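First the structure, then my questions, so here it is.
We did not get these values from a lab; they are worked out from the coordinates using the rules stated. From a predicted model like this one, the values you see are computed outputs, not experimental measurements. Neighbour counts are summed over all protein chains in view; Cβ atoms, including those assigned to glycine, are modelled from backbone coordinates with ideal geometry.
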Amino acid sequence: MSEIKNKDKTTRRDFLTTVTATVGAVGVGAAVLPVISQMNPDSSVKALASIEVDLSKVKEGQEITVLWRGKPVFIKRRTKEEIQKAQQTNLKDLKDPQEDKLRVKKGKDEWLVVVGVCTHLGCVPIGGKGDYNGWFCPCHGSHYDTSGRIRKGPAPTNLEVPQYEFVSNDKIKIG
Amino acid sequence: MNDQTSKTSKEHFEPVHTNKVGGSPFTGVTGWIDNRLPIIRMFRHEYLDFQVPKSLSYFWSFGGILTICLVLLIVTGISLGMHYKPDANQAFDSVEKIMRDVNFGWLIRYAHMNLASFFFIAVYLHIFRGLYYGSYKEPRELMWLLGIVIFFLMMATAFLGYTLPWGQMSYWGATVITNLFSAVPLVGDFIVTWLWGDYAVGDAALNRFYVLHWLIAFLIVGVVVFHVIALHIVGSNNPSGIEPKDTRDTVSFSPFTTSKDLLAMLVFLLIFVAVMMYAPNYLGHPDNYIPANPMVTPAHIVPEWYFLPFYAILRSIPDKLMGVIAMVSSIAVLGLLPWLDFSKVRSSVFRPIWKQCIFLFVLDFFVLMYIGGAPAEGIYLVIARIGTAFCFAFFFILAPLVSIIEKPLPMPTSIHEFEEWKKQGKIKTIKLFNK
């Protein structure tokens, strides 16, 4: 008799404990979320997400750098020789295998657009340097080829190709 | 339950003392305060009457030296904070304003900058002392672990502080170090964007780095308090590695240790002031006097000198994630040492093989420091890899192996006997200053 009575009592207490703990946990979670979230990019940062670039003045073999989302973007007008080199590379020689045609827009082989941030630790690689005549990162020695693909050094992946489109024959919109 | 207790004839109630006022050995105003807030008693007990081994060498002064450095860093830091502006457009100029316009601003900034370096010099000597004399061994493991926590926090706050002047090295150092988090599988990029509050290091990052630089500085103070409380429970180790047994082995903390520590602090601060006054930028990098430019990475990017050994380990490994893991674990592994080295003998004075291993480890530290500042190619890369391999071999192979195969030298049975042996020239110890 008394055992049943005790059991009833603990059930009631258990219920209240569980409900209180749940409400408490939800409350803590709801309070922590804004504190964590405030550190993510704010609305004004997100609003500056796309830019337009005029390419008409870029000559063959020339490379320009524009600032997009606080990062440099390399726009390179590649020479025929450089395009050929990039296209003929054996995929087996690549650390992050990707064909050149997947890194440029169709019919626009001469324009290579990549984010100028080394995929290792974020330095800005130097154009026309390195063992593969693409880019060389001075920080930790990563070599990229004329398609911006990683060939040698500690970087794990190719230079990122940002989302972009040709709005006219010699104008692109990045972002 | 209630039925049972009421059945027992005599009821017994334990007395309760929620009011603990009293017990002070002092009288008057001192006693009045001490009865209510027993810090005066505690101070006398822990700093005046406190017994320490009489064999302590100047290597035991670095704890005190580090405390002074921390206090001076906070005082100069608060002073700088009154003039610095954590804004990407104003930070660099506000630092130059401190250097040119603020009264004694140049002195306060140079002091803060160089104190950071000297804090690391002292902490490396402090860690060496712990390694050489086996201060990490039972029962001081927790104190050792707290020390490693302090070291990690120090590295974090030093890094954050270095980003604040917003020069080229600040900016690119911040970029490289925050990018270390991008090595985390799956969520790495989200973590980095979250840390930056942007898609690159910029104004949002600088503002929060300033706040975190302050926060971590005071976290260090908190962990230091734990470190010292633990020290006062387990007691100081000493060059013999033998625990004190009776009054022949110890002296009072004051005036013996205090006067010795004060002399050591004086010498240390003299060297610090000499460097600060005659070569204030010697330990820094000239590129940090170029304002931050997100479009150009300096051709030769190096961290501050005290991070170079770890930077060399990071660069020695050709895989991004593994490089980051190796760098972090090269420090964290210190925390396993109390269990990896299970020799019963603490002090390397009596450990002929382990002593050689420690000197090799110190050599490795300096080699990696040199390599960390050299370009990451050719022969430097080969040496960096050998150095990294040795660093881990020291902990995971040498420490347990030497614990097993080494035959310790004959040992004295007490600290006062150790002192006699020293006088008789039977044992050699490291001396920082000749007596």
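With chain B treated as a Gaussian network of Cα nodes joined by springs under 10 Å, which of B:169, B:295, B:369 yields the largest mean-square fluctuation?
The residue that fluctuates most here is B:295.
Further, regarding this structure: Can you tally the net charge around residue B:357? Count Lys and Arg as +1, Asp and Glu as -1, for every other residue whose Cβ sits under 13 Å from the Cβ of residue B:357.
-1
Using only the alpha-carbon atoms, what does the protein assembly as shown span along each of its principal axes? Please give whole angstrom values in decreasing order.
Between the extreme Cα coordinates on each principal axis of the protein assembly as shown lie 98, 82, 59 Å.
Take the Cβ-Cβ distance between residue B:82 and residue B:11 as r, set R0 to 51 Å, and report the resulting FRET efficiency rounded to the nearest 0.05.
Step by step, r from the Cβ atoms, then E = 0.20.
How high is the relative contact order of segment A:1-129? Use alpha-carbon pairs under 8 Å, at least six apart in sequence, and give a whole percent.
Once divided by the residue count of segment A:1-129, the mean separation gives 18 percent.
Oh, and also: Hey, with R₀ at 60 Å, roughly what FRET efficiency would residue A:92 and residue B:142 work out to, going by the Cβ-Cβ distance, to 0.05?
0.65
Determine how many Å³ per residue the convex hull of the Cα atoms of segment A:44-174 encloses.
Residue-normalised Cα hull volume stands at 101 Å³.
With springs only between Cα atoms under 10 Å, which of B:224, B:362, B:187 fluctuates most in a Gaussian network model of chain B?
Result: B:187 has the largest fluctuation of those listed.
If neighbour count is taken as other Cβ atoms inside 10 Å, put B:97, B:426 in order from fewest to most.
Ordered by Cβ neighbours within 10 Å, fewest first: B:426, B:97.
Within 10 Å of each Cβ of B:197-208, how many other protein chain Cβ atoms are there on average?
Across the residues of B:197-208, the mean count of other-chain Cβ atoms within 10 Å is 5.
Multiplying the sequence separation of residue B:229 and residue B:359 by 0.36 nm and subtracting their Cα-Cα distance, what value in nm do you get?
43.8 nm
How would A:57, B:422, A:76, A:101 line up from fewest to most surrounding beta-carbon atoms within 10 angstrom?
With the fewest neighbours first, A:57, B:422, A:76, A:101 line up as A:57, A:101, B:422, A:76.
Could you state the number of Å between the C-alpha centres of segment B:53-86 and segment B:89-159?
Going from one Cα centre to the other spans 8 Å.
Could you line up B:66, B:381, B:368, B:37 from fewest to most neighbouring Cβ atoms inside 10 Å?
B:37, B:381, B:66, B:368
Are there any chymotrypsin sites (Phe, Trp or Tyr not before Pro) in segment B:337-435 that are in a DSSP loop and have at most 13 other Cβ atoms within 10 Å? List them by number.
B:342, B:433
What list of whole percents do you get for P(r) of segment B:57-301, with Cα-Cα distances grouped in 5 Å bins up to the one holding the largest distance?
Going from the shortest bin to the longest, the percentages are 1, 6, 12, 15, 16, 14, 12, 9, 7, 4, 2, 1, 0, 0.
So, in Å, what gap is there between the alpha-carbon centers of segment B:350-373 and segment B:30-48?
44 Å
Follow-up question, since we're still on this one. What is the calculated FRET efficiency for residue B:37 to residue B:382, with r their C-beta to C-beta distance and R₀ = 56 Å, to the nearest 0.05?
Result of the calculation: an efficiency of 0.35.
A further question on this structure: Placing one identical point scatterer on every Cα of chain B and ignoring solvent, what is log10 I(q)/I(0) from the Debye formula at q = 0.07, 0.10 Å⁻¹?
With one equal scatterer per Cα and no solvent, log10 I(q)/I(0) is -0.44, -0.84.
Mean residue ellipticity at 222 nm from the helices of chain B, using -39,500 (n - 2.57) per DSSP H segment of n ≥ 4 over the full residue count, to the nearest 500 deg cm²/dmol?
It comes out at -19000 deg cm²/dmol, rounded to the nearest 500.
Report, in deg cm²/dmol and to the nearest 500, the calculated mean residue ellipticity at 222 nm for chain A, where each DSSP H run with n ≥ 4 adds -39500 (n - 2.57) and the sum is divided by the residue count.
After summing the helix terms and dividing by the residues of chain A, the value is -9500 deg cm²/dmol.
Then there's this: Separation of segment A:19-98 and segment B:207-266 by C-alpha centroid, Å?
48 Å
Any chance you could count the Lys pairs in segment B:309-435 whose alpha carbons are under 30 Å apart, treating pairs 8 or more apart or on different chains as valid?
Close lysine pairs found across segment B:309-435: 24.
What nm distance separates the two modelled labels at residue A:36 and residue B:48, each placed 7 Å from Cα along Cα→Cβ?
5.2 nm
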